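*Asks:* There's a structure below that I have some questions on.
Here, each number is a calculation from the coordinates, and none is a lab measurement. As the structure is a prediction and not an experimental result, all values here were calculated from the model. Every residue, glycine among them, receives a Cβ derived from its backbone with ideal geometry; neighbour counts consider all protein chains shown.
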Amino acid sequence: MDKAQLKATAEKIVANGKGILAADESTGTIGKRFASINVENVEPNRQAYRQLLLTTAGAEEFIGGVIQYDETIRQSTDDGKRFADLMEELGVVPGIKVDTGAKDLADHAGEMITEGLDGLRDRLAEYYELGARFAKWRAVINISEDNNLPSDYCLNANAQALARYAALCQEANIVPIVEPEVIMDGAHSIETCESVTTRALTALFNELQNAGVYLEGILLKPNMVVSGTENPRQAGIDEVAERTVRVLKNCVPSSVPGIVFLSGGQSDVLATQHLQAMNANYEMPWALSYSYGRALQAPALKAWGGEAANIPAAQAAYLLRARNNTAAALGNYNDEMEAA
Ligand code: 13P
């Protein structure tokens, strides 16, 4: 493990308000996104869409790293440049999703465990050769107030998998993004989201310490603390910011260089407003930025619609979201910037 390299990579990704583009949708998930715009889920369309994002001029000012899927890290631009090489030329760090998905947790109805540890050491060695310098593993934590979920067993099993993954990444000189996502779907209150997120992060850092993970060389990708989507009381922006920052301060050691939120189904502008409220109003020891999938891509996907003629409009839409989220990571965003 080269600690200096890991720390430098993690810090580079989130320097100067930069964030991460999560473009690591599996073939199944990107199929759902394409279905929403009536685009067929075939390799040439996936290549065209990822190329559109990666060749957006000026995005490298805001985007410090891009998470790719196994197929994407092996793809190239139309003129034959590997996506990972293109990123490296632009100073954008190539990343790779390495988990193989969340599956039902045996004998625990409604709970999930993320798979992908078997053979991971060899896969990480190959991904390093292909240019990856950071990785992602996502754990899925469902809340059900009626069924008393999540169980401690689910939280601990997922935390241990995240820690084993993180240790293997660092051995390979790849920065692990550790992502315990508390899902926002459901009727639960924001108070419940706060307590479950606290339990998930406490279990996670306990296991990371047990595994000997070098905390200066990771990035944390958490959910924000929000009301369940079906809860009648939807907390406002300031409450989300206050509760989220409180949980993070209680659970995340200051040695962690960066926290990069997932968007989790929030609308694109709301995800930006939440990030702004935290950075504008609180002093924090870590860079607090973004690793959004849907909240960075949704307007671009819609503008593209699978038509080559729409690429400039799609790239403009993506660039606007990247620019505004980086402004929010610096506490400099305001609503007028949406009109650009
Ligand atoms: P969303 O921002 O769409 O939640 O995706 C981020 C991500 O990478 C989830 O693992």
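*Asks:* Can you tell me the order of 275-281, 186-192 when each peptide is scored by its average per-residue count of other Cβ atoms within 10 angstrom, highest first?
*Replies:* Put in order of decreasing packing, that is 275-281, 186-192.
*Asks:* Expressed in nm to one decimal, what extension gain is obtained for the pair THR77 and MET284 from 0.36 nm per residue of sequence separation less their Cα-Cα distance?
*Replies:* 70.6 nm
*Asks:* What's the center-to-center distance, using Cα atoms, between segment 6-55 and segment 283-333 in Å?
*Replies:* 11 Å
*Asks:* Using +1 at the C-beta of Lys and Arg and -1 at the C-beta of Asp and Glu, which of TRP304, ASN250, TRP286 has the Cα lying farthest in the positive direction of the dipole of segment 233-340?
*Replies:* ASN250
*Asks:* How large is the convex hull of the C-alpha atoms of the chain per residue, in Å³?
*Replies:* Given the Cα convex hull of the chain, per-residue volume reads 128 Å³.
*Asks:* While we're on this one: Please state the charge dipole magnitude for segment 167-224, taken about the Cα centre, from unit charges on C-beta atoms (+1 on K and R, -1 on D and E), reported in debye and rounded to the nearest 20.
*Replies:* 60 debye
*Asks:* Of ASN45, ALA35, ILE63, which is farthest on the positive side of the dipole of segment 1-67, counting Cα position, with +1 on Lys and Arg Cβ, -1 on Asp and Glu Cβ, and the Cα centre as origin?
*Replies:* Sorting the options by dipole projection puts first ILE63.
*Asks:* Further question on the same structure: Would you mind working out the magnitude of the charge dipole of the chain relative to its Cα centre, with +1 at each Lys and Arg C-beta and -1 at each Asp and Glu C-beta, to the nearest 20 Debye?
*Replies:* Rounded to the nearest 20 debye, it is 440 debye.
*Asks:* What order, most packed first, do the peptides 57-65, 300-308, 101-109 have when packing is the mean number of other Cβ atoms within 10 Å of each residue?
*Replies:* In descending order of packing, they fall as 57-65, 300-308, 101-109.
*Asks:* Segment 154-250: which trypsin sites (Lys or Arg not before Pro) are DSSP loop and have at most 15 other beta-carbon atoms within 10 angstrom?
*Replies:* Here the sparse-neighbourhood loop sites are ARG233.
*Asks:* Taking each pair of distinct Cα atoms in segment 1-117 once, what is the resulting Kirkwood hydrodynamic radius in Å?
*Replies:* 15.9 Å
*Asks:* In straight Cα distance, which aspartates and glutamates are under 17 Å from LYS103, not counting same-chain residues fewer than 8 positions off?
*Replies:* GLU25, GLU111, GLU115, ASP118, GLU179, GLU181
*Asks:* Quick one: Cα centre-to-centre distance for segment 164-179 and segment 72-111, in angstrom?
*Replies:* Taking the Cα centre of segment 72-111 as reference, the centre of segment 164-179 is 14 Å away.
*Asks:* Compute the Cα gyration tensor for segment 1-67, then decide on rounded, prolate or oblate, letting a ≥ b ≥ c be the square roots of its eigenvalues: rounded whenever a/c is under 1.5, prolate when a/b is larger than b/c in the other cases, and oblate in all that remain.
*Replies:* Taking the square roots of the gyration eigenvalues as a ≥ b ≥ c, segment 1-67 is prolate.
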